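Since the structure comes first, as structure tokens, the remarks are kept for the end.
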Amino acid sequence: MQAQIIDADYFLNGNKPVIRIFAKTESGNTICVFYDKFLPYFFIVPTAGTAGKLKEIPEIRSVEEVERFEPLGYSKEKTKMLKITVTNPQDVPKIRETLAPYTKNIYEADILFKYRFMVDHGLYGMKWIDFDGERVRTNTVKVPAFRTEEIRSADRNDNVPLRHMSVDIECLPSDPRKPLDSKNDPIIIISMSFAPHFRDKKNLVLLAKNFYGDDIKGFQTEKEMLEEFVRILDAYDPDIITGYNINSFDLPYLAERFRHHKMPTNFGRSEKMSFGKTFGILQEFIISGRVVVDPYQILKRDPWMKFPRYDLNTVSKILLGDEKHDVEYGKMAGLWNGTKEQISTFLEYARQDANLSIRLVIERGMLDKFVELAKISGLLLQDLFGGQTKRVETMALHEFRKRGFVMPPAPSKGELARRAKERESQGLKGATVLEPEKGLHAEGCILVLDFKSLYPSIMRTFNISPETAIKTPVENCYASPSGAYFVRPETKSGILPDILSTLVDARTAVKKQMKNSKPEEKRMLNAKQLAIKDMSNSFYGYTGYIRARLYMIDVAGSITAYGRDNIIKTKNLVEKNFPARVVYGDTDSIFVKTDMTNLEDAKKLGEDIASFVTSNLEGHLELQFEKIYRTFLILTKKRYAGWKFEHTGTEWKNSIDMKGIETVRRDWCPLVSELMLKIINIMLKEGDIHLAMNEVKGILDKLKRGEIPLEKLTVIKGLTKSIENYDGMLPHIEVAKKLAARNPHDPPKIGDRIGFVILKGNNHLLSKRADDPKYVAENGLQIDSEYYISSQLLPPIERILNSVGVERTELLGGGRQSRLGDIMSGAKRKMKHDIVVDYNKPEQPLAGWEEFLCKKCSKSYSRMPLRGVCECGGQLLFGFHGSVGTRLVAKQNGILHNQ
DNA sequence: TGCGAGCGGGG
DNA sequence: GTGTACGCTCGCA
């Protein structure tokens, strides 16, 4: 029989573990495969005292002498180790602790049992198994179960269609002023959507009230409704359970209500109860045999784009084009206890929410990439959502095992502290950002070129891997620019470089295959190449991630050191061999200024530069021509805009690219964002600073004359707690107080968004001069134009115009012409284009997160500060951390906004 | 300026 | 579960 792995776990038969694989057969049936011939084990490097201690531990079943390579640092020979086998996986941690003082090293004593099994049998999440099954009767799983003596991986890549069910609950707080309490406040509605349909139903809404309607089922009590929920769950038997923020709200809440009614929380495919766990922010809900998919967590943690907010409303508007109508929390009780129509409205709201989350997963193919990531990394689908570290480590474990290497343990607290200290003393230098030639470049085209997978290429070219690093240089080894040494591939080919090479080849093959494949296959292949890319980009960051098993500061430091060398070499190669100047560059990209105004000529030059540089650099380093900026405005490192031209094959398409320039911020009114976009647009497309200045002056005049509509001056902020609980002076709170006083029957509630404008007045406190725009309009009150000019408009506008040498006084000083010469050499272009902001494809040259470290005071910033230097005035160094960790976003500020 | 609390999403 | 993980913004000292 063959089946595709959905999930795996084990249970104890007495003291003995039985591995359980939940899988789907070709025909779409779910089965469970039992295997009881596998026992947990780990390795130790013994010392003199080891043998005696081993005899004292009764749980140890067998001790076997083996040889394995140690993983950190190059070693020529394998090390003699003892393979310790025990019976119960749960005994391993305590045996590990007991043995620790009596051993030199312990390896692989913290590999989850299910992964120990999968790796040893060459099994990968979402891939296929091949086995001869004998049907067994059991009440531990709810699907047909088979016992097998042997289990192999099957060589096939197709996917069995999955069954998805989304869940959304509505609750009613007993006290509307207090937050919800799952111990007391009942669930009143459970809404579900199904893909594929469940008994011809797309969705189903249950409610704890006598009520009937299309696909609506009413119940006398909450308990009866919950019982029906489990019946539906078991009948539909979904592989995927989804819902927006379901991990931290709906599922834990449901579980608590089940416990309240003394009902078992048995939502899965086995006898195991479902439960939620929390660490840090991340909440996870485990349902045995199924996969919990939370679109909210995916979008936040593994994003391909940045959203202004991550609520279901915003996200579905952008991803599905569908706006959802919300029911205010405060009005829910009214609807629930209201007329038939009101209840219907409430039910439709619940139905819509379940529909939207399932549509996000299905229509946006949100799971596609993760299915492929499972097949590449070996992780089970459920475990992919926790972060990149586990993906890299599981993939590496497969490869380490094949080559006779053991995997180091996850770092202990002490080891973490040691690493942190080591890092503080010797530092981990990041990438180089070339000093930009600040200002507007409008005379000739700017060519943007970047290195294809820079860090992976470096690792492959110089054989950089934890087990190729060597302390004392041997003959014929690589000496990295940071002073570390690595043996050459002839001596030992690095595991990570080899994995990366395999990934590169696989990606090339997939892309080729995509060209002549049908839509459905193409979709899968595209997901696969994205998954490969994700994995490739994870390895460098992983080696520098402090919690990594394979952390080596020399490895990470050497990679960035080669990167810094590379960009300087590239700059020199370009400037020595072409009539061009590098005006900016960051990590893996260079911006080359030419005197060309013809796009075709510029393109040709870009391609020539790319192939020349590539042929003059070592190994796998490959510079590619990326795009043309007809004009380019750079404020500081990391903050620029360009008028981009790309050839589609038939014509030139243009749009405005913006990086690091924030045009949308919560504390800015719409006028600020609009004006910023406008002047950037004018500078880039007209190449004229004066026009931009005039635009600013025009707006300032309008503002002074009170001709700017109030909605453009309104800043909106939400009430996060009740008004009494704020003690500081905040404009929106003062406005909320005023609103409450004016309309005592319907005061602002928690969660309400309060808009305000700032008025002229005697009170020097800003908050006291804030008021509701509607009230201001009705009473003809005057806005404080001085405030808007000096506090809202000028600071961001100044930062842009300063980069081209314009001072604040020139903006405020009437219509006087500036002393600046017109920097446009050619004739002014009269082309008019709307700003097109492409938020579907934020450019991410390297996936990962960055930090900016001050050279002088060591302060760290997660974003390049607006001034481009540290607040102490010190120069900022750039650090890059690959794509490990959770700080994955924060890069594409200003990419997303409404046009 | 630096630090700590609190929030995010969900009802 | 052979576990044990955030990053940002705001208010206050």
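Descriptive notes on the structure:
- Proximal aspartates and glutamates to A:Lys518, defined as alpha-carbon separation beneath 19 angstrom and excluding residues fewer than eight positions away on the same chain: A:Asp158, A:Glu363, A:Asp368, A:Glu372
- Entries of A:Lys80/A:Lys492; A:Lys306/A:Lys653; A:Lys637/A:Lys760; A:Lys369/A:Lys659 with Cα pairs more than 30 Å apart: A:Lys637/A:Lys760
- The simple spin-label model puts a point 7 Å past each Cα toward its Cβ; for A:Lys678 and A:Arg742 those points are separated by 2.8 nm.
- Annotation: peptides A:246-256, A:56-66, ranked by per-residue average of other Cβ atoms within 10 Å with the highest first, follow the order A:246-256, A:56-66.
- At the listed q of 0.15, 0.16, 0.21 Å⁻¹, the Debye profile of region A:295-413, built from one uniform point per Cα, gives log10 I(q)/I(0) equal to -0.81, -0.86, -1.14.
- Prolate/oblate/rounded label for region A:593-655 (Cα gyration tensor, a/c 1.5): oblate
- Extent along the principal axes, Cα only, for region A:452-579: 53, 47, 29 Å, with the longest axis given first.
- Hypothetical label at A:Val474: residues of region A:452-466 whose amide nitrogen lies under 17 Å (7 Å Cα-Cβ projection): A:462-466
- Candidate aspartates and glutamates - alpha carbon under 15 Å from A:Lys678, same-chain residues fewer than 8 apart omitted: A:Asp657, A:Glu662, A:Glu686, A:Asp688, A:Glu695, A:Glu798, A:Asp834
- Radius 12 Å from Cβ of A:Glu786, net charge of other residues (Lys, Arg +1; Asp, Glu -1): +2
- Subtracting the Cα-Cα distance of A:Lys201 and A:Arg152 from their residue separation scaled by 0.36 nm leaves 13.8 nm.
- The calculated FRET efficiency for the pair A:Leu759 and A:Asn577, based on their C-beta separation and a Förster distance of 56 Å, comes to about 0.35.
- Its residue count N fixes a reference of 2.2 N^0.38 Å for region A:48-148, and the Cα radius of gyration divided by that reference is 1.40.
- In the calculated pair-distance distribution of region A:378-498, the portion above 22 angstrom amounts to 58 percent of the Cα-Cα pairs.
- Spatially, region A:190-242 and region A:424-485 are offset by 56 Å when compared through their Cα centroids.
- Efficiency of FRET between A:Glu424 and A:Phe11 - r from beta-carbon atoms, R0 56 angstrom, step 0.05: 0.80
- Shown in residue order for region A:525-539 are the 3J(HN,Hα) couplings computed by the Karplus curve 6.51 cos²θ - 1.76 cosθ + 1.60 at θ = phi - 60°: 5, 5, 4, 5, 5, 5, 5, 4, 4, 3, 4, 4, 6, 7, 5 Hz (x for Gly and Pro).
- Cα-Cα separations in chain A greater than 41 Å, expressed as whole percent: 48 percent
- Phi angles across region A:574-585 convert, under the Karplus curve 6.51 cos²θ - 1.76 cosθ + 1.60 with θ = phi - 60°, into 3J(HN,Hα) values of 5, 5, 7, 10, 9, x, 7, 10, 7, 9, 6, x Hz, Gly and Pro given as x.
- Cα-Cα over 19 Å, subset of A:Lys712/A:Lys774; A:Lys53/A:Lys83; A:Lys53/A:Lys402: A:Lys53/A:Lys402
- Projected label distance in nm at A:Asp565 and A:Ala410, using a 7 Å step from Cα toward the beta-carbon: 3.6 nm
- Neighbourhood net charge (10 Å Cβ-Cβ; Lys/Arg +1, Asp/Glu -1) for A:Phe211: +3
- Amide H contacts of A:Gly122: none lie under 5 Å away among residues 5 or more positions distant or on a separate chain (H built 1.01 Å from N in the peptide plane; Pro and chain starts excluded).
- GluC sites (Glu not before Pro) restricted to DSSP loop in region A:661-709 with at most 15 other C-beta within 10 Å: A:Glu707
- Two-site FRET efficiency, A:Tyr775 against A:Glu77, from Cβ-Cβ distance with R₀ of 56 Å, rounded to 0.05: 0.10
- Taking chain A and dividing mean pair separation by its residue count, relative contact order in percent (alpha carbons under 8 Å, at least six apart): 10 percent
- Each peptide in A:297-307, A:218-228 was scored by the mean count of other Cβ atoms within 10 Å over its residues; highest first, the order is A:297-307, A:218-228.
- Reduced Cα scattering model of region A:12-79, Debye log10 I(q)/I(0), q = 0.13 Å⁻¹: -0.67
- Extending 7 Å from Cα along the Cβ direction at A:Asp595 and again at A:Asp36 yields two label points whose distance is 8.4 nm.
- Taking amide H as placed 1.01 Å from N in the peptide plane, A:Val715 has its amide H under 5 Å from the amide H of A:Phe756, each at least 5 places away in sequence or on another chain.
- Taking 0.36 nm per residue of separation and subtracting the current Cα-Cα distance, fully stretching the chain between A:Ser174 and A:Glu707 would add 187.1 nm.
- Above 14 Å, the calculated P(r) of region A:98-157 contains 70 percent of its Cα-Cα pairs.
- Phi angles of region A:66-83 translate, via the Karplus equation with coefficients 6.51, -1.76, 1.60 and θ = phi - 60°, into HN-Hα couplings of 9, 10, 9, 7, 7, x, 9, x, 6, 9, 6, 10, 6, 9, 6, 9, 10, 9 Hz per residue; Gly and Pro are given as x.
- Estimated at 0.36 nm per residue, the fully extended path between A:Ser790 and A:Glu256 surpasses their Cα-Cα distance by 187.0 nm.
The numbers here are math on the coordinates, done by the rules we state, and not lab data. Small disclaimer: the values here were computed from a predicted structure and weren't measured. Quick reminder, even Gly has a Cβ in these numbers, built from the backbone with ideal geometry, and neighbours come from all protein chains shown.
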